Amino acid sequence: MPSVVITGAARGLGYGFMQYFSAQGWTVFGLVRRNKAETEAKVEKEGLKNVTIFEADVQDAPALQKAAEGVSKITGGKLDIMINNAASLAPNYRWENLDEIPTAVLEEELTDAYRVNVIGVIFGTNAFLPLIRAGSMKKVITLATGMADLDLTNELDVTSAAAYSISKTATNMVVAKYNASYGKSEGILFLALSPGMVDTGMNGDAETEQAQKGMQKMITSFAKYAPHFKGPITVEESISAMVDVITKATPESLGGGFVSHHGDKNWL
Ligand SMILES: NC(=O)c1ccc[n+]([C@@H]2O[C@H](COP(=O)([O-])OP(=O)(O)OC[C@H]3O[C@@H](n4cnc5c(N)ncnc54)[C@H](OP(=O)(O)O)[C@@H]3O)[C@@H](O)[C@H]2O)c1
């Protein structure tokens with residue numbers, strides 16, 4: 001059976017990927033940054049089969065290396081798909097413009113987002129690349145976001161989630177760089193894939209007046225951009241659509257690309 005590694009697998013889309021691939025009979029490895037025993041207990045309680053959990057914060061290169069060694073022992077040195085899912089959402093100042101965030105917090109949020117969403121993706125990819133090379137599918141998928149689309153940002157004046165969006169834009173270049181290095185030469189697919197707007201709790205509650213105004217502004221522009229959009233989709237809907245894109249994607253068709261769960265630039 002094919003094998004898959006998923007970072008940030010404790011909840012949200014990461015856990016959803018584990019559920020999906022486990023149900024398909026795959027050999028599944030979930031990486032969590034803390035409380036390994038808690039995720040193991042959940043996996044056990046829900047009856048997920050062929051799932052092994054490793055503890056690895058994506059900022060911790062030695063921990064990722066150790067997890068890769070653990071995976072390698074089980075799979076015989078191979079891995080079919082790696083999913084860089086873990087992300088920092090820089091959650092404290094989601095609605096403010098860049099000049100409205102206190103300088104010290106701005107620096108901290110940008111640094112944290114960069115460490116996890118950019119350096120973490122590189123550390124994770126580097127740790128598992130030797131196994132991917134030896135695998136048969138050879139796919140490295142990195143979770144992306146429409147918030148990192150410059151055209152969308154400019155057309156709709158999307159001001160929210162600045163630190164997150166900036167870091168995820170850099171993540172897209174990470175994916176392109178790996179593709180430039182190994183896409184054509186080794187036939188490995190590197191793809192930045194947005195899951196759509198998904199109900200994982202990630203989008204937060206609009207508790208303050210500024211947050212409510214920001215959310216309202218976002219919903220109004222989304223309605224203009226995508227009249228079909230009825231609200232966030234479920235984890236299951238998103239994963240089913242993403243798996244379709246992952247299955248069809250090849251280094252020739254989408255190598256180094258940045259697409260949504262629809263396989264194009266329609267982010268909702
Ligand atoms: N949901 C959406 O609407 C949406 C839209 C666009 C893109 N995305 C992308 O989809 C991916 C998953 O999003 P989600 O909604 O499932 O997010 P989520 O529910 O907030 O889950 C994020 C996961 O990442 C883990 N994580 C955070 N920092 C980490 C680190 N340093 N090392 C390892 N794991 C870490 C978290 O661990 P803990 O459980 O320990 O906190 C959590 O399990 C992200 O890359 C996100 O940017 C989501």
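The values are calculated or read from the model by the stated rules, or taken from the named source; none is laboratory data. Since we're looking at a predicted model, the values are computed, not measured. Positions of Cβ are generated from backbone atoms using ideal geometry, with glycine treated the same way; all protein chains shown enter the neighbour counts. Keep in mind that these areas ignore ligands, DNA and RNA; they rest on the heavy atoms of the full protein, side chains included. Shrake-Rupley method; radii C 1.70, N 1.55, O 1.52, S 1.80 Å.
Size descriptor for the stretch 188-268, Kirkwood hydrodynamic radius: 14.0 Å (Cα pairs only, one decimal). Between 121, 160, 43, whose Cα lies farthest towards the positive end of the dipole of the stretch 3-260 when Lys and Arg beta carbons carry +1 and Asp and Glu beta carbons carry -1, centred on the Cα centre? Checked the options; the winner is 43. Could you work out how far the C-alpha centroid of the stretch 144-166 sits from that of the stretch 182-252, in angstrom? Between the Cα centres of the stretch 144-166 and the stretch 182-252 lies a distance of 12 Å.
Projecting the Cα positions of 22, 169, 83 onto the charge dipole of the chain (unit charges on Cβ atoms of Lys, Arg, Asp and Glu, taken about the Cα centre) puts 22 furthest along the positive direction.
Mind putting a number on the dipole of the chain about its Cα centre? Charges go on the C-beta only, +1 for Lys and Arg and -1 for Asp and Glu, and I need it in Debye to the nearest 20.
For this selection, approximately 1000 debye.
The share of accessible area on the chain that comes from carbon and sulfur is 53 percent, using a 1.4 angstrom probe.
Are any of the pairs 49/230; 78/248; 78/265; 73/138; 168/230; 78/184 more than 23 Å apart by Cα-Cα distance, and if so, which? Exceeds cut-off: 49/230; 78/265; 168/230. Would you work out if the chain is rounded, prolate or oblate? Take a ≥ b ≥ c from the square roots of the eigenvalues of the alpha-carbon gyration tensor; rounded if a/c is under 1.5, else prolate when a/b is larger than b/c, oblate otherwise. Verdict is prolate for the chain.
When you filter the GluC sites (Glu not before Pro) in the stretch 145-243 for DSSP loop state and at most 14 other Cβ atoms inside 10 Å of their Cβ, you are left with 207. Per residue, the accessible area of the chain comes to 48 Å² when a 1.4 Å probe rolls over the protein heavy atoms.
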